[in-house]
Amino acid sequence: MKPWLIAGALLAPLLLAAQQPARERSCNLDLYNYDTTTTLAIKLPSGQYNSYYGRGIRGRCTNTDQRLSGDSLEAMGDTKTYVIVGRAHYEEKRVRLDADRIYYFQSEERVLAEGNVVAVTDKGTTMRGPRAEYFRAMPGMRSDSRLLATGRPVTKLSPDDVGGGTDTVEVIADQVTEVADSLLYAGGSVVITRPDLVATSDSATMNGGTEWARLDGRPRIEGRGTSVFTLVGRRVDLWSRDRHLERVLSADSARATSEDVTLASDTIDLRLTDQKLSRAFAWGRSRARAQATDRDILADSIDVDMPGQMLRELRALRGAYASSRTDSSKFVSTEDDWLRGDTIVASFDSVRAAGDTAAKPVIRVINAAGAAASFYQVASSQGAKAAPNLNYVKGKVITVDFGADRAVSRVTVREQASGVYLERIPDDSLKTNSTPPPTPLKKP
């Protein structure tokens, strides 16, 4: 082998090692004892010492920003482990830990806290629970710090961790992990409480930097305050801006309920403006269904316009079908009125008197376009206990106008119009003549 090849082979590992980032030195602990502190050191066969300190200790790492304090401390020389017992405290720039006991494993750069744990990140997020582990960010070991709390801790995310503002977000779960002061993972009976909503699920992922969250496993969202709604599905995503919820997307078996509309479909997309529902979309292979006041609408997709959380217009696209329940006080019928077409647009009178939060939007007009057909019933002149008159029409465009009493007032058919109107015949006209025929004369 040529000499320069041998030299290159020998130098290659050294060059690769030089390219690796230098690993940060582990803690060189320097203790500042109190006047009452007691000490005991036992030399081990390895030449290291196991040292025991009691009646109050405090210390710092001379080469890092780590600080330790507590009632007593055990320093294990061979394993490079510190154990703090009683009012145990550990801190560095990224986190502060208080607990009954704290273990610091230098070889792993791992801190374990047990018993009445309170963990606070540098951004102000607080975890309270029976147990927490902190994994330090170390070059050559792990790029991001990680804080893991178990035993169903209560975590309060500070405004700085979730996009600013003044309100906190509370997360309760069987286990919570925070990564790099930004990502939070929660698992096991998760409950998330915000000023504008309460969410539950089997697991959750939250990104404070992008203000995005995902709930998996029987998620349920309940809007609070001015944004009252309920949303369920198999997976729910949430987007916020400046701590205000702007969008909620539910996928697979989704169902959304607001004051005026209930939507059900494979996928439901809710939009909020000024913390109020303003738009809702529903679509999917199973089709979309909307229930508004006294009527149902079915279509491939549905678009609901509801500015200020007041229903104004509902659009049903492709294979649309709308049915409405009849008024039993006007006639006797087991059938619903219905309207179908390629597209159906329903407009509502959403004007609400000041202070009247119970008033429901009133249907004004429904328009069906494209191979439209309509069936509706009209009260008979014989009274409320009689069967209704029937009207069936077809056309390219059908417009149904409603009166103040929500009853059909007019039906307009445009282009290719046809139909039939059946009016009930009064019972009196069907009765046979009850006058007996004249008695025939007898022959003489």
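Could you order the peptides 191-204, 325-338, 136-149 from most to least packed, using the average number of other C-beta atoms within 10 Å per residue? Mind showing how you got there, number by number?
Values: 191-204: 18.9, 325-338: 14.5, 136-149: 16.2.
Top to bottom by mean Cβ count within 10 Å: 191-204, 136-149, 325-338.
Kindly express, to the nearest 10 degrees and within the range 0 to 90, the angle between helix 3-19's C-alpha long axis and the longest C-alpha principal axis of the chain.
For helix 3-19, the angle is close to 70 degrees.
Which whole-Hz couplings ³J(HN,Hα) result when phi for each residue of the range 388-397 is put into the Karplus expression 6.51 cos²θ - 1.76 cosθ + 1.60, θ = phi - 60°, listed in order with x for Gly and Pro?
Result, rounded to whole Hz: x, 7, 10, 9, 10, 9, 9, x, 6, 9.
Kindly identify the range 152-255 as rounded, prolate or oblate by the Cα gyration tensor criterion: order the square roots of the eigenvalues as a ≥ b ≥ c, call it rounded if a/c is under 1.5, otherwise compare a/b with b/c, prolate if a/b is larger, else oblate.
Working: a/c = 1.59, a/b = 1.15, b/c = 1.37.
Oblate shape, in that a/c is at least 1.5 and b/c is the bigger or equal ratio.
Once you put a point 7 Å from the Cα of Arg424 and another 7 Å from the Cα of Lys93, both along the Cβ direction, what distance in nm separates them?
8.4
For the range 180-255 and the range 329-347, what is the separation of their Cα centres, given in Å?
37
Of all trypsin sites (Lys or Arg not before Pro) in the range 32-61, which ones are in loop regions per DSSP and have a Cβ with at most 16 other Cβ atoms within 10 Å?
On the way: sites: Lys43, Arg55, Arg58, Arg60; in loops: Arg55.
Passing both the DSSP loop test and the Cβ count: Arg55.
Given the -39500 (n - 2.57) contribution per DSSP H run of 4+ residues, what per-residue ellipticity at 222 nm results for the chain, rounded to the nearest 500 deg cm²/dmol? Each step should come with its number before you reach the end.
Details: 1 runs with 17 residues, N = 444.
Calculated from helices alone, the mean residue ellipticity at 222 nm is -1500 deg cm²/dmol.
Contact order normalised by length for the chain, with contacts defined as Cα pairs under 8 Å and 6 or more residues apart; what percent is it? Please report the intermediate quantities before stating the final value.
Details: 1169 pairs, mean separation 22.6, N = 444.
Here the relative contact order equals 5 percent.
Count charges around Val154 for me, please; just the other residues with Cβ under 11 Å from its Cβ, Lys/Arg as +1, Asp/Glu as -1. Before the final figure, lay out the partial values.
Values: positive: Arg128, Arg152, Lys156; negative: Glu170.
Residues near Val154 contribute +2 overall.
Listed here are the pairs Lys330/Lys394; Lys276/Lys394; Lys156/Lys360; Lys43/Lys123; Lys360/Lys385; which of them are more than 32 Å apart at the Cα?
Working: Lys330/Lys394 25 Å; Lys276/Lys394 39 Å; Lys156/Lys360 38 Å; Lys43/Lys123 42 Å; Lys360/Lys385 28 Å.
With Cα atoms farther than 32 Å apart: Lys276/Lys394; Lys156/Lys360; Lys43/Lys123.
By how many nm would the segment from Thr262 to Asp174 lengthen if fully extended, with 0.36 nm per residue of separation less the alpha-carbon distance?
Values: separation 88, 0.36 × 88 = 31.68 nm, distance 3.24 nm.
So the extension gain works out to 28.4 nm.
Explain nothing, just compute: Karplus ³J(HN,Hα) = 6.51 cos²θ - 1.76 cosθ + 1.60, θ = phi - 60°, for every residue of the range 241-253 in order, whole Hz, x for Gly and Pro.
After applying 6.51 cos²θ - 1.76 cosθ + 1.60, I find 9, 6, 6, 9, 5, 10, 8, 10, 10, 10, 10, 6, 6 Hz.
From the Cα gyration tensor of the range 23-145, with a ≥ b ≥ c the square roots of its eigenvalues, which class applies: rounded if a/c is under 1.5, or else prolate if a/b is larger than b/c, or else oblate? Before the final figure, lay out the partial values.
Numbers: a/c = 1.86, a/b = 1.25, b/c = 1.48.
Taking the square roots of the gyration eigenvalues as a ≥ b ≥ c, the range 23-145 is oblate.
Can you sort Ser380, Ser46, Ser286 so the residue with the fewest Cβ neighbours within 10 Å comes first? Mind dumping the intermediate values first?
Working: Ser380 19, Ser46 8, Ser286 14.
Sorted ascending by nearby Cβ count, the order is Ser46, Ser286, Ser380.
Taking Cα extents along the principal axes in Å as the quantity of interest, determine which of (i) 154, 68, 49; (ii) 63, 55, 44; (iii) 66, 49, 43 was computed from the displayed structure.
Given (i) 154, 68, 49; (ii) 63, 55, 44; (iii) 66, 49, 43, the calculated one carries the label (i).
Every read-out reported here was derived from the displayed coordinates using simple, explicitly stated rules and does not represent laboratory data. The model shown is predicted, which means the values in this text are computed figures rather than measured ones. Every residue, glycine among them, receives a Cβ derived from its backbone with ideal geometry; neighbour counts consider all protein chains shown.
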